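Down below is the structure, laid out as structure tokens.
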Amino acid sequence: MPLGLDYGLIAALCWGSTDVMATVGSRRLGSLPVAAIAQGTSLLVAILLAIALGETLPTDPGTLLQSLFFGAVAAGAYLSFFTALRIGPLAVVSPVVAAYGGLTVVLAVILRGESLTPLQGFGAALATAGVVLTGVVFDGGIRGTRIVGRGVVLSLVAMLLFTILTVGLATPIRAAGWMPVVLASRLANAATVWLVLGVLLAVRSRRTAALLAGSSAGAATSPTRAAGAASLAGLLDVVGVFAFAIGLEVAPTWIVGLASSFGPVVAVIAAVTFWRERLRPSQWVGLAGIMAGLVAVALP
């Protein structure tokens with residue numbers, strides 16, 4: 001197994017489970033409260049682990065500023081993504097966001113000068129094409145192609161921000177180590193989300209109400225369970241971030257980013273099983289493409 005693939009897959013498992021828990025919470029409480037709870041939980045876990053490891057924030061001012069900046073970028077990604085999960089459908093939204101894996105490969109090669117074997121390049125392209133297929137439907141042929149649902153638009157925003165985050169964090173992590181950078185980025189992430197929550201609570205509007213309110217699909221879940229799901233989402237998310245950051249420190253950016261995008265398989269299984277969401281044939285083909293692409297990348 002190539003170095004970094006294992007860390008990326010651990011992150012994928014955690015993040016796919018995060019998608020499920022965040023969906024449960026956001027459909028009952030609203031996307032912004034769930035994002036605030038999740039990021040608060042993840043920051044607390046990061047602080048406790050940093051204390052246990054004897055780590056602090058990056059000492060180099062430039063590295064610290066980069067870490068804080070990408071933490072703010074992450075906040076935008078999570079807010080977009082959690083709102084997309086609330087709108088749904090989960091079985092489509094999660095795979096669309098996972099396209100950041102393919103974009104990461106492209107940017108890692110262009111901006112960081114990383115290289116791929118021909119088979120790895122084919123696998124990366126196949127996985128990316130699979131992600132695209134899960135996010136569109138074909139009604140009446142190619143001319144009838146359209147994006148699935150309003151949530152997919154927001155998931156595209158999240159996808160772009162997660163791509164920037166993945167490629168950008170590699171530099172400070174390799175300069176200062178994964179723990180200091182994760183601590184700083186989580187601090188900026190949580191602070192940004194809570195600041196947005198405070199501002200929107202102070203400024204009442206229809207858009208604010210939409211972000212703070214759940215949907216009828218989550219009415220069966222009690223607020224206490226929804227808050228618990230949000231906290232679990234934060235825990236799973238930060239464990240995934242730990243694995244992801246360690247992978248970025250020891251392995252090429254492209255392979256960690258691509259492997260971590262495997263998470264939608266977990267989300268799709270949950271969506272089909274628990275929410276009775278239905279995928280179209282082209283979307284099943286897309287999921288098969290993701291799996292086949294990752295297998296090709298893993299081959300020597």
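The values are calculated or read from the model by the stated rules, or taken from the named source; none is laboratory data. Owing to the predicted nature of the structure, the values given are computational and were not obtained by experimental measurement. Because the Cβ atoms are built from the backbone with ideal geometry, glycine has one as well, and the counts that use them run over all protein chains shown. What goes into the accessible areas is simple: the full protein's heavy atoms, side chains included, and nothing from ligands, DNA or RNA. Shrake-Rupley method; radii C 1.70, N 1.55, O 1.52, S 1.80 Å.
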Item to check | Count - residues of the range 262-293 that are open to solvent by 10 Å² or more (accessible area, probe 1.4 Å) and not in a helix (DSSP H, G or I) | outcome: 7
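Return the only residue of Gly234, Gly247, Gly240, Gly257 being in a helix (DSSP H, G or I) and over 13 Å from Trp15 (Cα atoms).
Details: Gly234 fails: over 13 Å from Trp15 (Cα atoms); Gly240 fails: over 13 Å from Trp15 (Cα atoms); Gly257 fails: over 13 Å from Trp15 (Cα atoms).
Checking each option against the conditions leaves just Gly247.
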Next on the checklist: It is to be established whether one or more residues within the range 83-100 are more than 26 Å from Val182 (Cβ to Cβ) and polar (S, T, N, Q).
Outcome noted: no
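Just to be sure before I move on: is Leu107 at pLDDT 75 or above, closer than 24 Å to Ile246 by Cβ and within 18 Å of the chain's Cα centre (by Cα) in the structure I sent? Spell out how you get there, then give the answer.
Values: at pLDDT 75 or above: yes; closer than 24 Å to Ile246 by Cβ: yes; within 18 Å of the chain's Cα centre (by Cα): yes.
Considered against the rule, which asks whether it is at pLDDT 75 or above, closer than 24 Å to Ile246 by Cβ and within 18 Å of the chain's Cα centre (by Cα), Leu107 comes out as yes.
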Checklist entry - Is there any pair linking a residue in the range 241-270 that is modelled with pLDDT of 85 or more to one that is among the charged types (D, E, K, R), with Cβ under 9 Å and at least six apart or on different chains, and which? => result Val241/Arg186; Ala243/Asp6; Gly247/Asp6; Leu248/Arg174; Glu249/Arg174
Next on the checklist: Quick check on the range 82-101: of everything there that is open to solvent by 10 Å² or more (accessible area, probe 1.4 Å) and either farther than 16 Å from Phe262 by Cβ or more than 11 Å from the chain's Cα centre (by Cα) (or both), which residue is modelled with the highest pLDDT?
Outcome noted: Thr83
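Hey, can you tell me all the residues within the range 102-122 that are touching a residue at least 60 places away in the same chain (Cβ under 8 Å) and more than 18 Å from Phe262 (Cβ to Cβ)? Full working, then the answer.
Just the residues of the range 102-122 that are touching a residue at least 60 places away in the same chain (Cβ under 8 Å), to begin with: 102-105, 107-109, 112, 114, 116, 119-120, 122.
Of everything in the range 102-122, those that are touching a residue at least 60 places away in the same chain (Cβ under 8 Å) and more than 18 Å from Phe262 (Cβ to Cβ) turn out to be Leu107, Val109, Arg112, Glu114.
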Checklist entry - Among the residues of the range 197-229, how many are out of contact with any helix residue (DSSP H, G or I) (no Cβ under 7 Å at 6 or more places or on another chain), assigned to a helix (DSSP H, G or I) and at pLDDT 65 or above? => result 7
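Within the range 51-63, count every residue that is in a helix (DSSP H, G or I) and surrounded by fewer than 18 Cβ atoms within 10 Å (Cβ to Cβ).
First pass over the range 51-63, keeping only residues in a helix (DSSP H, G or I): 51-53, 61-63.
Next cut, surrounded by fewer than 18 Cβ atoms within 10 Å (Cβ to Cβ) only: 51-53, 61-62.
So the answer is 5.
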